[in-house]
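A.B. asks: Here it is: the structure, laid out below.
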Amino acid sequence: MIDVTNVESLLNSLAKQGLDIPADYRDKISSRLNDIIQYEPMVGVFGKTGAGKSSLCNALFGRDICPISDIAACTRTAQQVRLNFAGKGMTLLDVPGVGESGDRDAEYDALYRQWLPKLDLVLWIVKADDRALALDEDFFKRLVRPYLDVGKPFFVVLNQVDKIEPFREWDEKARQPGPRQAANIKEKCRVVAGFFDLPPGQVLAVSAAERYGLVELVDGIIHALPAKKRVSVLREVQREYRSEKAKRDAEKGFLDVIVEIAGKALSKAVGWVADKISGFFSGWW
């Protein structure tokens, strides 16, 4: 089994399979792929107090990385949590939830402005049965929207959708909504997308407690990230939430770098290289 995190091993294996990359291209490819492997992205999780930000982070990454309380707001400062995989990782930024008080929101306003430019991806968590979104809208339009306009990946995550009416329809065994509840969840996503003036695909419905919608959330995140940042994020997500689509998107980032650098030298072998690299990833995911 080839260790895809060992770039030299990967390139040597490609050479043995008949694709002997010229030395000048090989050095450039090796440098760029090492940049991808070593890159540590930063993901910011925002939203109002009580929206379930910490619960969602814990569910996605399979460990109690953020404190949770059913009574009080837990996060009062931005908490940087470094997640590790084979010596590499990513940083998860769990920021204070707005809506505690006017004084604290003014404090958090400055905190959000400090961190937003540094983030590779922003998740804004909204409680599914919350109808009072004026505060979310205010922070979003003033602080977040300018970064979306220059291309920063962003999603509104509609959390706790198992509480949407009729909540008694929720199938606890299958961990999914009943027919009427599913229709109402879809409608809520549409309404929230309109409220934030976002494409429907940027509003994703999940339930951290029920482990519902997390695969789709990961798919959306991986697809939205620039190629060099996909692998680092995906390898930190719980295995059960890594879909084949997300894996393919992450793998494609490696292929894109090789083709970009080698250009015409590899243009006729793109399909072949893609197949080989995909095989190398099979034991990693």
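A.B. asks: What ranking do Lys173, Lys186 get, fewest neighbouring Cβ atoms within 10 angstrom at the top?
C.D. replies: By the 10 Å Cβ count, ascending, the order reads Lys173, Lys186.
A.B. asks: Show me the GluC sites (Glu not before Pro) within the stretch 151-244 that DSSP assigns to loop and that have at most 16 other Cβ atoms within 10 Å of their Cβ.
C.D. replies: When the GluC sites (Glu not before Pro) of the stretch 151-244 are filtered for loop state and at most 16 Cβ neighbours within 10 Å, Glu172 remain.
A.B. asks: Something else now. Provide Asp219, Asp162 in ascending order of the number of other Cβ atoms located within 10 Å of each residue's Cβ, fewest first.
C.D. replies: Listing Asp219, Asp162 from fewest to most nearby Cβ atoms yields Asp219, Asp162.
A.B. asks: If neighbour count is taken as other Cβ atoms inside 10 Å, put Phe195, Phe155 in order from fewest to most.
C.D. replies: Phe195, Phe155
A.B. asks: Between Gln238 and Leu111, what is the spin-label point distance in nm, taking each point 7 Å from the Cα along the Cα→C-beta axis?
C.D. replies: 2.6 nm
Taken together, the values in this text are just the output of simple stated rules run on the coordinates, not laboratory data. All values derive from a computational prediction rather than experimental measurement. When we count neighbours, we look across all protein chains shown, and the Cβ atoms used for this are built from the backbone with ideal geometry, even at glycine.
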